[in-house]
Amino acid sequence: MKTTNIDYWKKVLLDPTSAYKQLFAEEKKYLTTHIAKGSYVLDVGCGDGTNIQTILPITQNIVGIDNDPEATEDAQTKLSSISSVKIILADAFSLPFPNETFDIVIHMMTLVNLGENKIKALQEMARVLKNDGKIIMSVYSDDAFPARLEMYTQIDVPIEKTDGARVIFDKSVGANESE
């Protein structure tokens, strides 16, 4: 059985290094203090729905998308009791929503995997965002490179090469770039 990007991400969530624990805590704090009650939120790259669970006390008007069928299935299972939360199999480059739909778009730790397509994804997020809306995202800083390598080593993800702060994984992983 092939181990894919979502499988490695599950390993990260199960046993994060101290740097990742801090990252997750800071993301959670930021999301809960920067999303207004009742906002209509799109989570791009929602994975298993962890960030959606974080913001449920603030709003249940949430759509999560991910391009991995296993991730969307996990999120759908985890969030099935909340009928207002929708999880959709889709990608960040062609969002299946009309212009100016969402108050907030969150994109947590996913932009780093989009390689040369980052701009296209950001343009799509901006397109579906209301004029007075905001995009909330997290990305790695160049200073985080050693902590990232520590995590990648811990979860035994196959690294093909590194180039500065850019990590190229074996193509079998799926999304095989992190920058």
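The values are calculated or read from the model by the stated rules, or taken from the named source; none is laboratory data. What you are looking at is a predicted structure, and each value in this text was computed from that prediction instead of being measured. Counting neighbours? That spans all protein chains shown, and the Cβs are built from the backbone with ideal geometry, glycine included. The protein model used for the area step is the full one, side chains on, heavy atoms only, and it has no ligands, DNA or RNA in it. Shrake-Rupley method; radii C 1.70, N 1.55, O 1.52, S 1.80 Å.
Summary of values
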quantity	calculated
Qualifying strands (runs of 3 or more DSSP E) (wholly inside region 1-89; at least 3 residues being surrounded by fewer than 17 Cβ atoms within 10 Å (Cβ to Cβ))	86-89
Exclusive hit being under 30 Å from Thr101 (Cβ atoms), touching a helix residue (DSSP H, G or I) at 6+ places or on another chain (Cβ under 9 Å) and at pLDDT 90 or above, set Ala175, Ala121, Ala126	Ala121
Region 128-168: number of residues that are more than 17 Å from His34 (Cα to Cα), of a type in the set (D, E, K, R) and in a strand (DSSP E or B)	4
Among residues of region 130-150, those that are under 17 Å from the mean Cα position of the chain (by Cα) and not small (Gly, Ala, Ser), counted	7
Hits in region 160-179 (condition: at negative phi and open to solvent by less than 70 Å² (accessible area, probe 1.4 Å))	Ala165, Arg166, Val167, Ile168, Phe169, Asp170, Ser172, Val173, Ala175, Asn176, Glu177, Ser178
Among residues of region 43-63, those that are within 16 Å of Leu129 (Cβ to Cβ) and within 11 Å of the chain's Cα centre (by Cα), counted	3
